[in-house]
Amino acid sequence: MRGALKRNSTISQLLQTQTRRNTDFFTDPVARIHQNFLIEQAQSKRDYFNFSHFFRRSTTRNCNEVYPSLFSSAFSSASSSSTTTATSLVKVGFVGWYLGMVKARPMLTKSVTCSLIYIAADLSSQTISSSTSFDLERTLRMAGYGMVVLGPTLHFWFNFLSKLFPKQDLISTFKKIAMAQTLYGPIMTVIFLSLNAYLQGENGAEIAARLKRDLVPTMINGVMYWPVCDFITYRFIPVHLQPLVSNCFSYLWTIYMTYMASLEKAVSTPN
């Protein structure tokens, strides 16, 4: 009985409150305006969220539909640039390895380099001369000369000049060129022609006759070729790389020298 009375009282209170609100809405203009404002604000919020959701979906769809070529071109350019970078890293890696070998084992590295250049030059010389078959013994002689004789002497010669004339200005460069043309060049030319003739079985008289016939023309051609090469080498190249650059210049010169060394024996005149 008491519970029923409480429920009846609660229901009557709710009805009175609702009746008061309805009465205020119809009688009080301020309450009516406030109620309309709340309704419009809730509706605008729903419209905003619906529009923003639609805008996000349409933007994502348009980006995927309009710009696939842009994305693919960017990916292809990135892949091509990575390939170029990998190729440059391979090149830099080889150059770095060679420079490391020059510093770690300078004379051996320069000697092997000189030998390889002499092999390439001799093969080129034999190809130009249109010989019927390659002379393997001749190529081995050139390789041995570059490995045992020219490579080590270039190493010590360039180090000697760098200590004697440490600067790389014009005056020091011309001094180095003069010493190379008057000392190192003639001595190495005599050694090359004599040693190659000796390995071919020529005796002392025949070697002297060969030098008498071939030395002067070879020296004249060397004066016309080597000063420009020496100027570039002594003026602009670091000391530890000068033998490498000199060997590169000597490629053409070695083709000529191997041709001179392969000439027939000179006729020795009896005393």
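Annotations
- Applying a threshold of 9 Å to beta carbon distances and a minimum spacing of six or more residues, or different chains, the list of pairs starting in segment 86-107 at a residue that is over 20 Å from residue 160 (Cα atoms) and open to solvent by 80 Å² or more (accessible area, probe 1.4 Å) and ending at one that is basic (Lys, Arg) and modelled with pLDDT under 85 is empty.
- Residues of segment 193-207 classified as in a helix (DSSP H, G or I), crowded, with 16+ Cβ neighbours inside 10 Å and touching a residue at least 24 places away in the same chain (Cβ under 8 Å), total: 5
- Unique match (being of a type in the set (S, T, N, Q) and within 28 Å of residue 103 (Cα to Cα)) among 159, 203, 196: 159
- Residue count for segment 164-176 under the criterion of being open to solvent by 20 Å² or more (accessible area, probe 1.4 Å) and either touching a strand residue (DSSP E or B) at 6+ places or on another chain (Cβ under 7 Å) or not basic (Lys, Arg) (or both): the result is 8.
- Segment 216-257: number of residues that are assigned to a helix (DSSP H, G or I) and more than 14 Å from residue 118 (Cα to Cα): 25
- So residue 135, is it more than 31 Å from the chain's Cα centre (by Cα) and not small (Gly, Ala, Ser): yes
- One residue alone among 233, 182 is open to solvent by 50 Å² or more (accessible area, probe 1.4 Å), β-branched (Val, Ile, Thr) and within 30 Å of residue 106 (Cα to Cα), and that residue is 182.
- Summed over segment 123-159, residues that are at pLDDT 90 or above and open to solvent by less than 20 Å² (accessible area, probe 1.4 Å) total 9.
The values are calculated or read from the model by the stated rules, or taken from the named source; none is laboratory data. From a predicted model like this one, the values you see are computed outputs, not experimental measurements. Heads up, the Cβs are rebuilt from the backbone with ideal geometry, glycines too, and the neighbour counts pull from every protein chain shown. Note: accessible area is taken over every heavy atom of the protein model, side chains too, but ligands, DNA and RNA are not part of it. Shrake-Rupley method; radii C 1.70, N 1.55, O 1.52, S 1.80 Å.
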